[in-house]
1. Quick one: how many residues across region 358-388 are touching a Phe, Trp or Tyr at 6+ places or on another chain (Cβ under 7 Å) and under 19 Å from His441 (Cβ atoms)?
2. Select from region 282-336 the residues that are in contact with a Phe, Trp or Tyr (Cβ under 6 Å, 6 or more places away or on another chain) and of a type in the set (Ser, Thr, Tyr) and write down the one among them that is nearest to Gly423 (Cα to Cα).
3. Take Leu312 and tell me if it is under 20 Å from Lys80 (Cα atoms) and aliphatic (A, V, I, L, M).
4. Given the conditions (1) modelled with pLDDT of 95 or more; (2) in contact with a Lys or Arg (Cβ under 7 Å, 6 or more places away or on another chain); (3) not β-branched (Val, Ile, Thr), and given that Asp228 satisfies all but one, which numbered condition is not satisfied?
5. Could you pull out every one of the strands (runs of 3 or more DSSP E) wholly within region 224-282 that has 1 or more residues that are under 16 Å from the mean Cα position of the chain (by Cα)?
6. Hey, among the residues in region 383-393 that are out of contact with any helix residue (DSSP H, G or I) (no Cβ under 6 Å at 6 or more places or on another chain) and open to solvent by less than 80 Å² (accessible area, probe 1.4 Å), which one's nearest to Ser330 (Cα to Cα)?
7. Across region 366-415, what is the number of residues that are in contact with a Leu (Cβ under 9 Å, 6 or more places away or on another chain) and among the charged types (D, E, K, R)?
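The values are calculated or read from the model by the stated rules, or taken from the named source; none is laboratory data. Computed from a predicted structure; not experimentally measured. Cβ sites come from the backbone with ideal geometry, for glycine too, and all protein chains shown count toward neighbours. All accessible areas refer to the heavy atoms of the entire protein, side chains included, with ligands and DNA or RNA removed. Shrake-Rupley method; radii C 1.70, N 1.55, O 1.52, S 1.80 Å.
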Amino acid sequence: MDKTDRNPDNPVMERLLRSLEASTCNFLAVDTVKATLEESGFRQLRESDYWEIAPGDKCYVTKNGSAIFAFVAGSEPVDKAGVRIISAHTDSPCFKLKPNCEIYGDGGVVSLNVEKYGGPIMYTWFDRPLSISGRVMLRGADPLSPVELHVDLSAPVATIPHLAIHFNRAVNDGNPLSVQKDMKPVIGYFPAEKIAEFKACGGAVRSLVADWLCGNADSLPENFTPADILDYELSLYPFENPVLVGAGKEYFQSARIDDLSMAFAGLEALLAECDESCAATRVLALFDNEETGSGTKQGAASPVLRHIVERLSMTCSSNPQAFHMALANSFMISADDAHGWHPNYNEKYDPTNHPVLGGGPVVKINANCKYMTDAQGAAVFHDLCDRAGVSMQYFVNHADVAGGSTLGNISSAQLDIDGVDVGCAIWAMHSAAETAAVSDHLDMIKVFRQFLK
């Protein structure tokens with residue numbers, strides 16, 4: 001699809017659509033955020049560095065290449081003014097390539113052995129163009145320091161063909177799917193000599209990636225070959241551009257709206273406010289691996305954000321209790337998209353708390369504490385919406401339907417601060433093509449900006 005088919009009238013939406021298009025996996029999402037931050041004067045810090053931070057400094061740090069944390073140091077010490085955190089995540093459900101992933105079949109057909117990441121709606125991945133992106137690791141100066149390169153083949157190199165209805169007449173009555181059997185993408189058919197060449201240099205995927213690197217990487221080892229790729233983390237993604245849809249272009253549709261739309265709303269707000277003075281230190285925390293429970297060194301269950309806030313406390317105040325005092329003066333908005341009311345499935349939703357697309361930002365509540373929202377946190381967000389001139393909605397699960405969890409309550413195990421779980425209402429969460437409302441996204445940015453003022 002040609003990019004000109006989008007024609008968004010709003011420059012904020014144009015930036016969002018371009019960001020969604022560029023951020024085809026968690027690693028590329030971080031690269032997109034990083035480039036945008038540096039254009040706005042943010043400097044990179046490293047965990048191994050000694051941090052020297054002055055009021056107004058704009059900095060960021062990455063973790064694992066797949067999570068990124070940006071902050072603007074406040075005009076007051078953190079023990080007095082605290083931190084204001086907007087958190088979201090960079091990962092989305094997809095299919096990841098296994099090691100030794102090539103399956104060589106009849107007629108020279110090559111399929112890929114994949115593993116499900118998170119909880120995708122699997123049948124939405126059939127019969128559409130797919131590409132591959134992620135990271136590869138090359139041999140470095142020593143075994144503990146491999147060279148990391150990010151790749152995006154940016155071409156429709158694969159597809160997952162569905163079985164014809166003639167072989168499964170009951171397909172429309174329900175179609176249980178096996179990842180191992182049904183979801184193997186096909187990358188093409190090749191003559192025997194080409195397959196022999198693939199096998200000799202580590203497989204078809206390494207060959208495809210090596211060809212891409214030779215044309216796109218800034219620097220490669222001398223006499224680089226596919227065998228120099230020691231390992232990889234590669235994912236499939238739908239090779240389709242984000243678009244505006246609806247009679248009045250009131251919706252936008254894309255893969256990875258959950259949760260990159262909230263990540264970029266937080267980024268948009270931080271950049272809009274970063275040069276304005278604020279007593280509090282403002283933080284944008286974009287974690288990885290929310291879709292698989294956040295239990296990694298770059299996930300919300302890890303101490304990575306806690307360590308950042310601790311270092312901010314130590315560098316911005318001489319008070320030995322600054323970190324603990326800062327937490328008492330801090331607040332987190334955990335932003336992860338919400339389930340929007342679906343006109344075809346009214347019975348699936350709570351009768352009085354079902355947010356609609358276009359109805360404004362959503363506060364997410366669960367009596368069993370699957371979200372961090374309580375009355376205090378909801379009241380803070382309600383007031384922020386009022387001050388921003390934005391309508392607010394609630395999402396509560398149908399009482400007979402179990403709900404999920406997200407970043408807020410997981411982060412609470414590391415940072416005991418007040419907060420709220422929010423999002424924008426979307427359709428088809430975890431589909432290969434999700435849908436959200438343009439006005440909700442713009443309204444959420446307004447509320448985020450109000451929070452960061």
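1. Within region 358-388, residues that are touching a Phe, Trp or Tyr at 6+ places or on another chain (Cβ under 7 Å) and under 19 Å from His441 (Cβ atoms) number 4.
2. In this case the residue turns out to be Ser313.
3. Yes, satisfied.
4. It fails just one condition, (1).
5. So the answer is 229-238, 251-254.
6. Asp383
7. Count: 0.
Results for (1) at pLDDT 95 or above; (2) buried (at least 20 other Cβ atoms within 10 Å of the Cβ); (3) hydroxyl-bearing (Ser, Thr, Tyr); (4) within 29 Å of His430 (Cβ to Cβ), shown as yes or no for each residue.
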| position | (1), (2), (3), (4) |
| --- | --- |
| Leu16 | yes, yes, no, yes |
| Thr24 | yes, yes, yes, yes |
| Phe27 | yes, yes, no, yes |
| Glu39 | yes, no, no, no |
| Ile68 | yes, yes, no, yes |
| Ala73 | yes, yes, no, no |
| His89 | yes, yes, no, yes |
| Phe95 | yes, yes, no, yes |
| Val110 | yes, yes, no, yes |
